[in-house]
Structures are given as structure tokens and as C-alpha cells.
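Here the structure is laid out as C-alpha cells; the discussion comes afterwards.
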Amino acid sequence: MPNIKSSAKRVLTSQKAAAKNKAAKSLMKTNLKKFDAAVAAGDRELIDNAHKTAVKTIDRAATKGLIHKNKASRRKSAMAKRLNNISQD
């Protein structure tokens, strides 16, 4: 732990921020896995709901700076492609 008061405070705030960022990224990954599971199950209503929540969390992560905007676009595009392939089958 640092001796300087402002440095000690900074350590605590950065730990809080890191925990918040980790939770948000974990939620995003969980929602992506739920979408994958819904696609595997084949239930159309479940797939639509999972897609909607996954896109929302990806957008939020990109807005907060947790992931790059191009990575967010790439993930959303891949999910949309899978969603469109399901509707054609």
C-alpha cells in the first residue's frame, strides 16, 4: 500500500473500476454464451430474446470502452449472420 494519501485512494478507486469492468465483460460473455445455447436449442423465441440482450450488452461494453468498437461490430455481425441462417433453414 502506498504511503501517500492520494496514491492510496487511487489504488482503491482503480480496484473498484477493475471489478466493475470485469463484471460487465463477464455479463457480456455470458449473454453471448446464452445466444449460442439458444441457437443450438433451436427455439426461435429464445434465440430472438438472447440476440437482443447480447447486442445490448455488446453495445454497452463498446460504449464504456471495455471492448473496441470494431470488435463489437464484428461480434454483432457474426451473431446476425447466424440468426439469418437460422431463419432460412
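The values are calculated or read from the model by the stated rules, or taken from the named source; none is laboratory data. Everything quoted here is computed from the prediction, not taken from an experiment. Neighbour counts are summed over all protein chains in view; Cβ atoms, including those assigned to glycine, are modelled from backbone coordinates with ideal geometry. Just the protein is used for accessible areas: all its heavy atoms, side chains included, with ligands, DNA and RNA removed. Shrake-Rupley method; radii C 1.70, N 1.55, O 1.52, S 1.80 Å.
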request  = Test Ala8 against the criterion of being assigned to a helix (DSSP H, G or I), out of contact with any Cys (no Cβ under 7 Å at 6 or more places or on another chain) and under 18 Å from Lys76 (Cα atoms), and give yes or no.
outcome  = no
request  = Select from region 15-29 the residues that are over 15 Å from Gly65 (Cβ atoms) and open to solvent by 70 Å² or more (accessible area, probe 1.4 Å) and list them in ascending order.
outcome  = Gln15, Lys16, Leu27, Lys29
remark   = Screening Leu32, Leu83, Leu12 for residues that are out of contact with any strand residue (DSSP E or B) (no Cβ under 6 Å at 6 or more places or on another chain), surrounded by 12 or more Cβ atoms within 10 Å (Cβ to Cβ) and at pLDDT 95 or above leaves only Leu32
ask   = Looking only at residues in region 49-79 that are farther than 22 Å from Ala18 by Cα and either touching a Cys at 6+ places or on another chain (Cβ under 6 Å) or in contact (Cβ under 8 Å) with a residue 12 or more places away in the chain (or both), which one is surrounded by the most Cβ atoms within 10 Å (Cβ to Cβ)?
value = Ala50
